[in-house]
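Peer 1: Please read through the structure below; I'll follow up with questions.
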Amino acid sequence: MMSEYGVVLESGAVRFERLLPGPIERVWAYLTEADKRATWFCGGETQGREGGHIALFFKHSLITAEAPPESHRKMNEEGAMMGGTITAYDPPRRLAFTWAGMGDPDSDVEFQLAEEGEKVRLVLTHRRLATAERMANVSSGWHLHLGLLEDQLSGAAPRGFWSRHESLKAEYAARQAGTAV
């Protein structure tokens with residue numbers, strides 16, 4: 001049985017898997033189209049080619065009505081722009097990019113999609129997470145964002161985000177304790 005929790009692959013790398021409602025082209029659209037991606041993760045245009053730019057505009061008030069903790073209030077209300085360079089673009093199967101603006105060094109994100117009957121297996125790998133704190137923060141963030149993606153694709157009401165963020169971050173820190181970073 002697939003777990004909703006991310007697993008540590010190697011030092012500074014975490015992988016998530018989800019089985020999502022298809023078709024694959026629809027899931028791809030939620031990864032690459034700014035308006036759809038903004039409903040579960042972050043907005044921003046994607047230049048659909050290797051070497052292109054991906055804008056990552058985080059404004060969590062667009063994905064949850066829950067009040068943020070004070071430490072995230074500015075990003076929640078005003079937004080924060082990050083971005084990266086697309087390193088792989090193979091519609092509708094693979095999207096990879098560097099992620100700049102989250103700390104040094106930049107990190108690497110890869111989405112792989114595969115059809116499984118009427119479902120789509122999404123595998124997300126995030127690498128080059130340089131510290132234990134960053135690893136726990138990124139892991140808890142992807143856990144929550146992928147849950148919101150599942151809600152969008154299945155037509156369910158969005159699950160909580162801020163109400164689960166801090167406890168999930170602490171849980172990932174405990175799960176990943178002792179892992180080399």
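Peer 1: Across 10 Å bins from the origin, how do the percents of Cα pairs in the stretch 94-181 run, short distances first?
Peer 2: 15, 39, 36, 9, 0
Peer 1: Given 20 °C and 1.002 mPa s, compute D for the chain with the Stokes-Einstein relation, Rh being the Kirkwood radius over Cα pairs; round to the nearest whole µm²/s. Intermediate results must be reported in sequence, preceding the final value.
Peer 2: Details: Rh = 16.5 Å.
Translational D for this selection: 130 µm²/s.
Peer 1: List the residues of the stretch 100-125 whose backbone N lies under 15 Å from a point placed 7 Å from the Cα of GLU25 along the Cα-to-Cβ direction.
Peer 2: 115
Peer 1: Further, regarding this structure: Averaging sequence separations of C-alpha pairs under 8 Å and six or more residues apart, then dividing by the length of the stretch 84-181, give the relative contact order as a whole percent.
Peer 2: Taking the mean separation of contacting Cα pairs over the length of the stretch 84-181, I get 18 percent.
Peer 1: Let me ask you something else. Given a 10 angstrom Cα cut-off, can you work out which residue in HIS143, HIS165, HIS72 is the most mobile in a GNM of the chain?
Peer 2: Maximum fluctuation in the GNM of the chain, among the listed residues, is at HIS72.
Peer 1: First compute the accessible area of the chain with a 1.4 Å probe, then give the percent of it belonging to carbon and sulfur atoms.
Peer 2: 50
Peer 1: Which loop GluC sites (Glu not before Pro) in the stretch 111-146, with loop taken from DSSP, have no more than 14 other Cβ atoms within 10 angstrom of their Cβ?
Peer 2: Answer in residue order: GLU118.
Peer 1: Taking a probe of 1.4 Å, how large is the accessible area per residue of the chain, in Å²?
Peer 2: 47
Peer 1: Calculate I(q)/I(0) for the stretch 75-137 by the Debye formula, one identical point scatterer on each C-alpha and no solvent, and give its log10 at q = 0.14, 0.23 Å⁻¹ to two decimals.
Peer 2: -0.53, -0.99
Peer 1: May I ask you to derive the relative contact order of the stretch 103-155, considering only C-alpha pairs under 8 Å and at least 6 residues apart, and to give it as an integer percent?
Peer 2: 28
Peer 1: Between the stretch 11-63 and the stretch 127-154, what is the separation of their alpha carbon centroids in Å?
Peer 2: Each part's Cα centre sits 12 Å from the other's.
Peer 1: 222 nm [θ] for the chain, helices only, -39500 (n - 2.57) per DSSP H run of 4+, per residue, to 500?
Peer 2: -9500 deg cm²/dmol
The values are calculated or read from the model by the stated rules, or taken from the named source; none is laboratory data. All of these numbers come straight from a predicted model, not from anything done at the bench. Here Cβ is always computed from backbone atoms with ideal geometry, including for glycine, and neighbour counts include all displayed protein chains. Surface areas here come from the heavy atoms of the whole protein model, side chains and all, with no ligands, DNA or RNA. Shrake-Rupley method; radii C 1.70, N 1.55, O 1.52, S 1.80 Å.
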